[in-house]
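Values quoted throughout were computed directly from the atomic coordinates according to the rules given, and no laboratory measurement underlies them. Not measured: the values here are computed from a predicted model. We place every Cβ from the backbone using ideal geometry, glycine too, and count neighbours over all the protein chains shown.
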Amino acid sequence: MKIETNENLLVNVSVMGSVCQPNFQGLPAEPYRLDSDGIPFLLPTWGSIVHNVSVGDSAFGWEADCIHPGVSIKYPSEGGNRGLNILSCVGNEAIIMNGEAKNSVGFVSGKSGRFSEQIIIHFEKKVRERISINDKILIKSLGVGLKIKNFENIFCKSLSPQIFNKMNIKIKNKKLNIPVTHIIPEHLVGAGSGLTSESGSLHIQTTDLNEMKKYKLNNLRLGDFVYVENYDSSYQHGFLRKAWSIGIVGQTNGPRAGYGPGLTILMSSKTNDGIPKLNSNANIVNYLKFKK
Amino acid sequence: MISNLKTNEKNLIKMSIGGFATQPSFKNPGYIPNNDGQAVIYPGMFGVVNNIKVGDNAFGWAGDHVEPGVSIDSENPNEHFALHYLVCTGNKAIVRSGEAKGAIGIVTGEHARNLIHFENKILDKICIGDQIDIITHGRGLKLLDFPNIEIKKIDPKLLKSLFLKIVKKKLIVDVAIELPIRIMGSGAELNSEYVDQDLMSGDRALMKKLKIDQMKLGDLIAINHADHRWGRSYKKDYVSIAICIHGDSVMSGHGPGIMTIMTGKKKDLSWKINKKANIKNLLKIKI
């Protein structure tokens, strides 16, 4: 059975953001954060242009706290940034509008939320060094409102048709079979629970190394599509038996408790109408035209 | 340089951050009290200092806290602190706006602003307010064979360029000058990830006797019994290695500034005097 969507009814709206700066709290605040054992650390975190980490790379091992691969953008006013954050969808095209890297094209690979509220964009590495802080990047957003015919209980969010149509999703026995690299049990979901699922990130927890091994999470890569069990992200993120969500790994692991790799949630349903199909190739770098 | 020095360099993040060439600034009426209470007025901090470079004398200028080269900052407080916590000495700087757009410089240290060296022909073209981005690289750097030595704010390429030796499992770093702990002053009130600490140059006779008055901007420095892991304090048998980043001061409790790059216990970390241990030589900085 062929999958049909309302793609031709979606509205294509431009949203803009500027390449943002790293931020730290000023004195007298200490610059350190605490790792899950209470040890202070000081490492790069969200925002800015990250030159040497890209989608497709490991989500672990970096000397960083939940770093965003590629380029992160933000709109200066809060309302405008909310527009950017909600309407941008993973897989949407992003174009640099000024500066030395003007006209270079990339794609949205994730979102970050609650504290940083940024959109994460992949550009190939040789373009990144020409991008300046504050350069303007335009996203031709498309995807909010996406629905799948005969699967009205499935909420799509931050999901562009550009990526949905490449995810190799099949219908079998009236259920969606969705290729993913990993299955995340609900007890390993951490930061992001209880917050909005339309923007921002929901983090996997990684402090229990035995559980990490058990669920084979150590080889997670940025850009992997994963399945979250018993989690309903239809409106806000929360536990619900039989519910499920699909997310993409948007940012790396971090040392803080509750802050493992972040997921941008793309689909969710309260009922048992979508099942995971394990496939190690379920990564955005294999779905879109990708240059490292 | 030790060819087999093991580091975690491949796991470090390279991240851009932007700052702006600053305008010299004074608090009304502009005077500061010198060691004898006389009111004096001197340039040196902020701005583009055209004629004093890394490698030049730290003492003797008609200036106060002279910051060599271009001092950059952001007026947004959170970005200001990010500049201080992420930028490392030896990082690449790129001018992003104005007449010098595209020109490349190098970070030579951190005072209340980040200090960038550019060649003279580029300095001539830099205007106050020009945006200068830095590709930060070095935060989180570790020596894998010396887990108890903490590395702070140096680009991996500066670490590799240092004159180092390992003798009986102890890391020996070549430095130009040793400073006695009792002359370490302003900066003790700050966390050791932020700005620098001044040596107190008020005892001019001692400066001369110990030849500290011959110190150069960019010199590597050792301080015995200084623990700079979480602050800047006296602790017996700890050693801190630093870089001289700004010039002398006339104010009590102040003097040339040093910025920490390594700190650890004496059993792991020591130093050897070598007059050539200056970042101008180590990073082959063109003047």
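Would you mind counting up the charge near A:Y287? Only other residues with Cβ under 12 Å from its Cβ, with Lys and Arg at +1 and Asp and Glu at -1.
Cβ neighbours under 12 Å give a net charge of +1.
Going down the list B:K6/B:K266; A:K174/A:K216; B:K153/B:K280, which pairs span over 26 Å between their C-alpha atoms?
Too far apart for the 26 Å limit: A:K174/A:K216.
Could you work out the helix-only [θ] at 222 nm for the protein assembly as shown, with each DSSP H run of four or more residues adding -39,500 (n - 2.57) and the total divided by the number of residues, to the nearest 500 deg cm²/dmol?
Roughly -2000 deg cm²/dmol at 222 nm, from the helical runs in the protein assembly as shown.
The protein assembly as shown: Rg/Rh from Cα coordinates, Kirkwood Rh?
Looking at the protein assembly as shown, the ratio lands at 1.04.
Amide H of A:L159: which non-local residues (sequence gap of 5 or more, or other chain) have their own amide H closer than 5 Å, using H built in the peptide plane?
A:V90
Just tell me the longest site-free run in chain B, where the sites are chymotrypsin sites (Phe, Trp or Tyr not before Pro) in a DSSP loop having at most 14 other beta-carbon atoms within 10 Å.
Segment B:32-229 is the longest.
Just in region B:1-77: which trypsin sites (Lys or Arg not before Pro) are loop by DSSP and have at most 10 other Cβ atoms within 10 Å?
Filter output for region B:1-77: B:K27.
With a ≥ b ≥ c the root eigenvalues of the C-alpha gyration tensor of region B:182-287, is it rounded (a/c under 1.5), prolate (a/b larger than b/c) or oblate?
rounded
Defining a contact as two alpha carbons under 8 Å apart and six or more residues distant in sequence, what relative contact order in percent does chain B show?
Worked out over chain B, it gives 23 percent.
Let me spell out the model: positive unit charges on the Cβ of Lys and Arg, negative unit charges on the Cβ of Asp and Glu, origin at the Cα centre of the protein assembly as shown. What dipole size does that give, in debye rounded to 20?
2000
What percent do you get for the relative contact order of region A:1-91 when only Cα pairs under 8 Å and 6+ apart count?
32
If you place +1 on the Cβ of every Lys and Arg and -1 on the Cβ of every Asp and Glu, how big does the dipole about the Cα centre of region B:150-282 come out, in debye to the nearest 20?
The calculated dipole for region B:150-282 is roughly 760 debye.
Of all trypsin sites (Lys or Arg not before Pro) in region B:209-262, which ones are in loop regions per DSSP and have a Cβ with at most 13 other Cβ atoms within 10 Å?
B:K211
Quick one: what are the phi-derived ³J(HN,Hα) couplings along region A:44-59, Karplus 6.51/-1.76/1.60 with θ = phi - 60°, whole Hz, x for glycine and proline?
My calculation for region A:44-59 gives x, 9, 4, x, 6, 9, 9, 7, 10, 10, 9, 4, x, 7, 4, 8 Hz in order.
Once a ≥ b ≥ c are taken as the square roots of the eigenvalues of the Cα gyration tensor of chain A, is the result rounded (a/c under 1.5), prolate (a/b larger than b/c) or oblate (a/b not larger than b/c)?
The shape class here is oblate.
How would region A:11-141 be classified by its alpha-carbon gyration tensor: rounded, prolate or oblate, with rounded meaning a/c under 1.5 and the a/b versus b/c comparison settling the rest?
It is prolate, given that a/c is not under 1.5 and a/b is the larger ratio.
For the protein assembly as shown, with the dipole built from +1 on Lys and Arg beta-carbon atoms and -1 on Asp and Glu ones, taken about the Cα centre, which of A:L84, B:I258, A:G238 lies farthest toward the positive end?
Sorting the options by dipole projection puts first A:G238.
With chain B treated as a Gaussian network of Cα nodes joined by springs under 10 Å, which of B:G255, B:G60, B:G138 yields the largest mean-square fluctuation?
Looking only at B:G255, B:G60, B:G138, the biggest GNM fluctuation is shown by B:G60.
Over all Cα pairs of chain B, how is the pair count split among 10 Å bins, expressed in % and running from 0 up to the last occupied bin?
Values per bin, smallest distances first: 7, 30, 37, 21, 5, 0.
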